[in-house]
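K.L.:
Have a look at this one before I ask anything.
The values are calculated or read from the model by the stated rules, or taken from the named source; none is laboratory data. Because the structure is a prediction, the values reported are computed rather than measured. Cβ coordinates were reconstructed from backbone atoms using ideal geometry, including for glycine residues, and neighbour counts include every protein chain displayed. When the accessible area is computed, the model is the full protein with side chains, heavy atoms only, and any ligands, DNA or RNA have been set aside. Shrake-Rupley method; radii C 1.70, N 1.55, O 1.52, S 1.80 Å.
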Amino acid sequence: MIAIMSLIEALKRLAPAERRYAAGEHLFHQGDRVAVLHLVVEGRVQLVRHQVDGSALVLQRAGPGAIVAEASMVSDRYHCDGVATAPVRSLAVRKASIRARIASDPDFAMAFVAHLAREVHASRLRAEILSRRTVAARLDAWTAAHDGRPPARGEWKSVANEIGTSPEALYREIARRRAPPGPAPAPPSLRRR
């Protein structure tokens, strides 16, 4: 069976075209005809759906090694915008080439299904984390999903983004957890002068 890394290698063998996008540039717009799927080589991409009230909902954040807009394999048109949040280099793999490979190669088809199942699991985990009301509860859920390992110092900003809070709020929560246990300081009105 084709594993995820060889799924990526198999996609690369389907003669993709290399494309580059500046930060803020669209890889595709909601409503565009689906011709390609993007494999992110460098940079970061967000899938964004704009709401009736003008707000934006981020559906996916993708970095190097990610396949963007897999659901488009069964759609005629993109259901959201794909936006580069940093300079992006991607490999644009023709939808028709992927569909032909799925139809002719059962191992490739199962690898693609396994990839989609992992994406569904990750989406459900993100929904669970974001359903929590407090930063503390969101961080607890994120930590539990990462084998009890708290976020490393270099990943705090991206974790804050992932759990839907500001970096500052996450920093405060991490600092609170690192503080030695002890009595809480008295409120200013009760302190001796």
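K.L.:
Do we have VAL93 as closer than 30 Å to GLY31 by Cβ, open to solvent by 50 Å² or more (accessible area, probe 1.4 Å) and more than 14 Å from the chain's Cα centre (by Cα) here?
P.N.:
Working: closer than 30 Å to GLY31 by Cβ: yes; open to solvent by 50 Å² or more (accessible area, probe 1.4 Å): no; more than 14 Å from the chain's Cα centre (by Cα): yes.
For VAL93, the condition - closer than 30 Å to GLY31 by Cβ, open to solvent by 50 Å² or more (accessible area, probe 1.4 Å) and more than 14 Å from the chain's Cα centre (by Cα) - is not met.
K.L.:
Could you check how many residues of the range 11-30 are outside any strand (DSSP E or B) and buried (at least 18 other Cβ atoms within 10 Å of the Cβ)? Let's see the steps before the verdict.
P.N.:
Residues of the range 11-30 that are outside any strand (DSSP E or B), as a first pass: 11-16, 22-25, 29-30.
If we keep only those that are buried (at least 18 other Cβ atoms within 10 Å of the Cβ) too, we end up with 11, 16.
Summing the residues that are outside any strand (DSSP E or B) and buried (at least 18 other Cβ atoms within 10 Å of the Cβ) in the range 11-30 gives 2.
K.L.:
Any residue in the range 23-42 that's hydrophobic (A, V, I, L, M, F, W, C): show its pairings with residues that are modelled with pLDDT of 95 or more and open to solvent by 60 Å² or more (accessible area, probe 1.4 Å) at Cβ separation under 6 Å, as long as the two are six or more apart or on different chains.
P.N.:
ALA23/PRO87
K.L.:
Go through the range 74-193 and tell me which helices (runs of 4 or more DSSP H), entirely inside it, have 3 or more residues that are modelled with pLDDT of 90 or more. Outline the logic, then answer.
P.N.:
Values: elements: 95-104, 106-131, 135-145, 156-162, 167-178.
Those helices (runs of 4 or more DSSP H) span 95-104, 106-131, 135-145, 167-178.
K.L.:
Before we move on, is GLN51 more than 18 Å from the chain's Cα centre (by Cα) and free of Cβ contacts under 8 Å to residues at least 40 places away in the same chain? Break it down into steps so the answer makes sense when it comes.
P.N.:
On the way: more than 18 Å from the chain's Cα centre (by Cα): yes; free of Cβ contacts under 8 Å to residues at least 40 places away in the same chain: yes.
Answer is yes for this residue.
K.L.:
Could you tell me which residue of the range 31-55 is farthest from TYR78 (Cα to Cα), considering only residues that are at pLDDT 90 or above and not in a strand (DSSP E or B)?
P.N.:
GLY43
K.L.:
Condition check: open to solvent by 60 Å² or more (accessible area, probe 1.4 Å), under 30 Å from LEU170 (Cα atoms), without any contact (Cβ under 8 Å) to a residue 40 or more places away in the chain and among the hydrophobic types (A, V, I, L, M, F, W, C). Does VAL120 satisfy that?
P.N.:
On the way: open to solvent by 60 Å² or more (accessible area, probe 1.4 Å): yes; under 30 Å from LEU170 (Cα atoms): yes; without any contact (Cβ under 8 Å) to a residue 40 or more places away in the chain: yes; among the hydrophobic types (A, V, I, L, M, F, W, C): yes.
Answer is yes for this residue.
K.L.:
Considering only residues that are open to solvent by 10 Å² or more (accessible area, probe 1.4 Å), outside any loop (DSSP other than H, G, I, E, B) and either in contact (Cβ under 8 Å) with a residue 24 or more places away in the chain or within 18 Å of ALA22 (Cα to Cα) (or both), which ones fall in the range 61-73?
P.N.:
ARG61, GLU70, MET73
K.L.:
While we're looking at this one, here's another question. Do we have ARG101 as open to solvent by 30 Å² or more (accessible area, probe 1.4 Å) and either out of contact with any Leu (no Cβ under 8 Å at 6 or more places or on another chain) or without any contact (Cβ under 8 Å) to a residue 12 or more places away in the chain (or both) here?
P.N.:
Numbers: open to solvent by 30 Å² or more (accessible area, probe 1.4 Å): yes; either out of contact with any Leu (no Cβ under 8 Å at 6 or more places or on another chain) or without any contact (Cβ under 8 Å) to a residue 12 or more places away in the chain (or both): no.
Criteria not met by ARG101.
K.L.:
Residues in the range 133-181 that are closer than 20 Å to LEU57 by Cβ and loosely packed, with under 11 Cβ neighbours inside 10 Å: how many?
P.N.:
1
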